[in-house]
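These notes concern the structure reproduced below.
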Amino acid sequence: LAWSSVWVAAAGCMADKGESGLVAALPEAGSSGPSHVVRQRKIEIPDCVLGAEDLDAQRHVPGPDDPPGTQMGMEFTMPEAAPGDLLVVPVKDGDKVKVEVPEGISAGDIVCMSQRPDGSWRIIKQMLRFSFLLPECSPGDQLQLMAPDGRSLGFTVPEGMEPGQLVMLKRTPERSWAFDQVCVLPDIDEAALPPRSSSGPYMGILDVLESRRWLEKLPLEEDGTLQVNVPFCGRLPEYAALGRFLAKSCESFPAISGANVLGTEVSDEYLFDWAIAEKWLTKNHPCIRLQTCVRDLAEEPLPKAGLTLGVHPEVTKGGCWFQIVGSVLKSSAAGLCVFGTFYEAEMQTLLNMIEIFKSKDAVVESFENPFYKTNPAAAAPAMRYIVLVAAPEVCPESLPPGASS
């Protein structure tokens, strides 16, 4: 099995790659230097093509129409076990159930076991912290929050906090939520953002959507809002390009009154980056509302969306990525789903997964990102291949050759 190494980064700062990754130069306090810091992570991408024979058909694919599962509230500390191992867990009345240890969970993690709609069992890592951007408010105001575990929380704004700051809460050993810290976010204006060309491959995708008027027929909420899902969003480095595009679309298509953007990732390591994106969008494009959260898409569904943008799904890793792609397609079955991949093997694997999970009459199209028609491709070309999956009723009047249903 061959592997390809890819460095994934957000654009826009002075940086040099060191032996262990990327070393970013932070601007001096009070300077007019760059406001963005590039952080990179190395991804190993298997160079293979997977298909239906690699699918574990017994695993549930979550969708927005799933009935709520039975939440047993069984919380425990994960013992020594590896992903794929089966745990035997005692439940009520002396019964015992077997549940598989998923990826991303290690010994010592606090987890919760619950029952899926199909009767099978799952384990999810409990979040021990969450954050929110302080809205326009005054000291003493009472804010109503929804914690990651589903509980409704009341938060009294203390003296000294200001709107636009990031408030962090942590989970206590007694399973309650308590204030942890407040972070002051930088003010980032349009001038401090990277120029349009620095997001070239991503802009290539958005240019395809704009030039072919893909947003004209997408389904909207009752108030005219477009729901936009951004699964496996990482730090969401494209937030400015996406915000400008959606704001322009609101002007071009009067039926679209605004957009709700939901970005999800499987870990909470990007809370600060997400807060900066939310603050910038709130200031510069108030009709675009950003919500970000930690969500395991192999277990938890996305809401129904008119537009979904999935950049660099790690599909050739197989396993839970079959369920993730299936879940993403379920949530966008009535609209348009856009994927971008590095390599042709990823694109072919993605097309195989789409063939398994797509709606019967869905239209599928794959092609090279037009950005690379005029720009050289690096060894790891970001978003080199684009795959569109659309409900037939939202397709433009004419589709180019190669589209299939």
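Evaluating Pro67 against the criteria (1) open to solvent by 40 Å² or more (accessible area, probe 1.4 Å); (2) within 23 Å of the chain's Cα centre (by Cα); (3) under 30 Å from Val182 (Cβ atoms) leaves one unmet condition, (3). Assessment of segment 124-133 against the conditions (open to solvent by less than 50 Å² (accessible area, probe 1.4 Å) and without any contact (Cβ under 8 Å) to a residue 40 or more places away in the chain) yields at least one matching residue.
Just one of the listed residues (Ser331, Ser257, Ser327, Ser267) is modelled with pLDDT under 95, of a type outside the set (D, E, K, R) and more than 15 Å from Val387 (Cβ to Cβ), and it is Ser267. No other residue among Ala247, Ala192, Ala178, Ala240 is closer than 25 Å to Leu302 by Cα, at pLDDT below 95 and either open to solvent by less than 50 Å² (accessible area, probe 1.4 Å) or aromatic (Phe, Trp, Tyr) (or both) apart from Ala240. Within segment 286-294, the presence of a residue that is out of contact with any helix residue (DSSP H, G or I) (no Cβ under 6 Å at 6 or more places or on another chain), crowded, with 24+ Cβ neighbours inside 10 Å and outside any helix (DSSP H, G or I) is excluded.
Would you check if Val89 is among the β-branched types (Val, Ile, Thr) and at pLDDT 90 or above? Here the answer is no, as Val89 does not meet what is asked. Among the listed residues Val230, Val261, Val266, which satisfies the condition of being touching a Lys or Arg at 6+ places or on another chain (Cβ under 9 Å), under 18 Å from Val311 (Cα atoms) and surrounded by 21 or more Cβ atoms within 10 Å (Cβ to Cβ)? Going through Val230, Val261, Val266 in turn, the sole match is Val261.
Within segment 134-166, the only residue that satisfies the criterion of being among the β-branched types (Val, Ile, Thr) and surrounded by fewer than 15 Cβ atoms within 10 Å (Cβ to Cβ) is Thr156.
The values are calculated or read from the model by the stated rules, or taken from the named source; none is laboratory data. A quick note: this is a predicted structure, and the numbers were derived from the prediction, not measured. A quick note on method: Cβ atoms are made from the backbone with ideal geometry, for glycine too, and the neighbour counts reach across all protein chains shown. The accessibility values were calculated without ligands, DNA or RNA, using every heavy atom of the protein model including side chains. Shrake-Rupley method; radii C 1.70, N 1.55, O 1.52, S 1.80 Å.
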